[in-house]
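The values are calculated or read from the model by the stated rules, or taken from the named source; none is laboratory data. Predicted model only: the values in this text are computed from it and were never measured. For neighbour counting, all protein chains shown are included, and Cβ atoms are generated from backbone atoms with ideal geometry for every residue, glycine included.
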């Protein structure tokens, strides 16, 4: 279904039922489909809501504004439209930075946050030239496959999931593909995340080359009051597809403590 939020139509996939809803926010290049294995493992316990960020999946591209605040407001509009009374944000990479900003706003009904290989709230340390190169990662099938094999994963994906990653990466709006590496990942929301007051679990991939374990400890764990962290062995950046069952178990265990 599509929900009007913040001036665009956001595509939403909903499954399961339960008192607590899990709201999934995907990485740069992904879509709501990135979470399909995790949702399959959790929808018998929880209501699950997975969105496509503007410019990705089946959501509208909008006016070309892809800053963190805009993406956060998009997601909050979906949550309000669905009238979620009790929910946990689950944000991956770019979606993790969005989730941090939403949580810093202390919205009613939010009871916890799971940050999966999240982008740091601080500006990326990568130089301009490297970020410009990254902005072309999704230009072609060949460039996506190279990125998956050499940067995004430590485990081989199934043929189905690999094809899905290629499709989602290529489908992104041109402006959305460029916005994250050239602008949004450089935004500084460190002043905001100190205001987070709900429990936060950070889930890292042991072999993640994008958001390294040590970086997550220094730039995310150390900045969010009371946050905890665990690491998925042998896992790269795409843990929702590489290690979906251990990730789902970590999410369920965290929610059970709330």
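Structural remarks
- Complete set of residues in the range 207-226 that are touching a residue at least 40 places away in the same chain (Cβ under 8 Å) and part of a loop (DSSP other than H, G, I, E, B): 207, 208, 209, 210, 211, 223, 224
- Restricting the range 191-206 to residues that are in a helix (DSSP H, G or I) and surrounded by 15 or more Cβ atoms within 10 Å (Cβ to Cβ), the residue that is farthest from the chain's Cα centre (by Cα): 192
- Matching entry among 71, 22 (being surrounded by 20 or more Cβ atoms within 10 Å (Cβ to Cβ), farther than 22 Å from residue 136 by Cα and touching a helix residue (DSSP H, G or I) at 6+ places or on another chain (Cβ under 9 Å)): 22
- Pair list, Cβ < 6 Å and 6+ apart or interchain, from the range 119-138 residues that are on the phi < 0 side of the Ramachandran plot and crowded, with 19+ Cβ neighbours inside 10 Å to residues that are at pLDDT below 95 and not in a loop (DSSP other than H, G, I, E, B): none
- The range 232-248 - residue that is free of Cβ contacts under 8 Å to residues at least 40 places away in the same chain and either part of a helix (DSSP H, G or I) or touching a helix residue (DSSP H, G or I) at 6+ places or on another chain (Cβ under 6 Å) (or both) and, of those, nearest to residue 38 (Cα to Cα): 246
- Restricting the range 217-237 to residues that are touching a strand residue (DSSP E or B) at 6+ places or on another chain (Cβ under 8 Å) and farther than 21 Å from residue 255 by Cα, the residue that is surrounded by the most Cβ atoms within 10 Å (Cβ to Cβ): 237
- Residue within the range 28-44 that is touching a helix residue (DSSP H, G or I) at 6+ places or on another chain (Cβ under 6 Å), more than 30 Å from residue 162 (Cβ to Cβ) and not in a strand (DSSP E or B) present: no
- Any hit, the range 95-111, residues being buried (at least 21 other Cβ atoms within 10 Å of the Cβ) and more than 18 Å from residue 53 (Cα to Cα): yes
- Here the range 152-176 is the region considered, the condition is being surrounded by 15 or more Cβ atoms within 10 Å (Cβ to Cβ) and free of Cβ contacts under 8 Å to residues at least 60 places away in the same chain, and the residue that is farthest from residue 30 (Cα to Cα) is 162.
- Yes/no for residue 57 being under 13 Å from the mean Cα position of the chain (by Cα), in contact (Cβ under 8 Å) with a residue 40 or more places away in the chain and over 23 Å from residue 249 (Cα atoms): no
- Within the range 22-34, residues that are in contact (Cβ under 8 Å) with a residue 40 or more places away in the chain and at positive phi sit with their Cβ atoms under 9 Å from residues that are buried (at least 24 other Cβ atoms within 10 Å of the Cβ) and outside any helix (DSSP H, G or I), at 6+ positions apart or across chains, in these pairs: 29/56; 29/93.
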